[in-house]
Amino acid sequence: MKKLFLSLLIFALFPFFAVAQEYKPIIGVSATESSPASTPSTYVNAVKRAGGVPVVIPITTDSTQIAAILSVVDAVVMTGGADIDPLKYMGEEPIRALGEITPTRDEFDMMLIKMAVKRGLPLFGICRGEQLLNVAFGGTLYQDIPSQAGAYIKHNQDAPGSYGTHSIDIEKNSLIYKLLGSEKAVVNSFHHQAVKEPAPGFKVTAKSKDGIVEAIEMIGTDKVWGTQFHPESFVNAGDDFFLPLFEHLVKKAKEYRAGK
Ligand code: MN
């Protein structure tokens, strides 16, 4: 009888030990304007494949909602989307080649980025997410690469999302070099805007052959960075070359949780 009780006790407690041993960090993924409470499954799947638990952060401009969500997540992914309002956030008149802008999402993304970084949360910005990270800290963007940057490479590819079409050169002294172990990569490209001047406290860590910024990072930390390309599309399709970027976010998220 005593033996049965003991084995029942161990059986009952086992799940708690198991959970304690392998905490899976919760990664907040920002929602997109086309559906303000959801986000493309590519981001969600990339986080899952890296060992994180994705939760979508719905678009809101209520700072108490954002603060409450940030108190339960261990890291943030800022997703891609439309163009930023250049007048409101960069003091520039909109040029004719500017695309669609999404004012409510601009406000949400800006609040989310600033509040998350202030809390010390790890943050990975992708495409628009990388651009807004730069603008949030005082950097600027090209509103339209073809008309402003004189670039010759096609940055809006007509090819599947998980297919790389242009190469990038990666700065050796950077987080993404450390994670990818390579000074070269071939990336996908779905953008007509790009970082122009990096924000104070940030540096450019990758460029395309025509000089367009393809990655940035915050100086002095290894937990705030962004890519112009979409690594999640490769990871989602089973191509693991860029998986270390998401694994690093999950690692930093675990450290953030442990340090609380
Ligand atoms: Mn590109």
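The values are calculated or read from the model by the stated rules, or taken from the named source; none is laboratory data. The structure displayed is predicted, hence computed values, not measured ones. Cβ coordinates were reconstructed from backbone atoms using ideal geometry, including for glycine residues, and neighbour counts include every protein chain displayed. Only protein heavy atoms, including side chains, enter the accessible area calculation; ligands, DNA and RNA are left aside. Shrake-Rupley method; radii C 1.70, N 1.55, O 1.52, S 1.80 Å.
Taking the Cβ of Leu87 as the centre, find all other residues whose Cβ is under 12 Å away and add up their charges (Lys, Arg: +1; Asp, Glu: -1).
-4
Looking at the range 194-249, which chymotrypsin sites (Phe, Trp or Tyr not before Pro) are DSSP coil and have at most 15 other C-beta atoms within 10 Å of their C-beta?
Answer by residue number: Phe241.
For the chain, find the longest principal axis of its Cα atoms and tell me its angle to the long axis of helix 243-258, 0 to 90°, nearest 10.
Around 50 degrees separate the two axes.
Which of rounded, prolate or oblate describes the range 151-260 when judged by the alpha-carbon gyration tensor and an a/c cut-off of 1.5? Don't skip to the end; give the middle numbers.
Working: a/c = 2.03, a/b = 1.32, b/c = 1.53.
Here the range 151-260 falls in the oblate category.
What does DSSP give for the chain in terms of the percent of beta bridges that are antiparallel, rounded to the nearest 5?
In the chain, DSSP labels about 55 percent of beta bridges as antiparallel.
Taking 20 °C and 1.002 mPa s as the conditions, I'd like the Stokes-Einstein D for the chain in µm²/s, using the Kirkwood hydrodynamic radius from alpha carbon pairs.
Calculated translational D: 113 µm²/s.
Using a 1.4 Å probe on the protein heavy atoms, what percent of the accessible area of the range 24-258 belongs to carbon and sulfur? Show your work: numbers first, answer last.
On the way: 4940 of 9450 Å².
Summing carbon and sulfur atoms, their accessible area is 52 percent of the total for the range 24-258.
Working from Cα positions, state the angle (0 to 90°, nearest 10) between the long axis of helix 103-119 and the longest principal axis of the chain.
Result, in degrees: 50.
Percent relative contact order of the chain, based on C-alpha pairs within less than 8 angstrom and at least six residues apart?
21 percent
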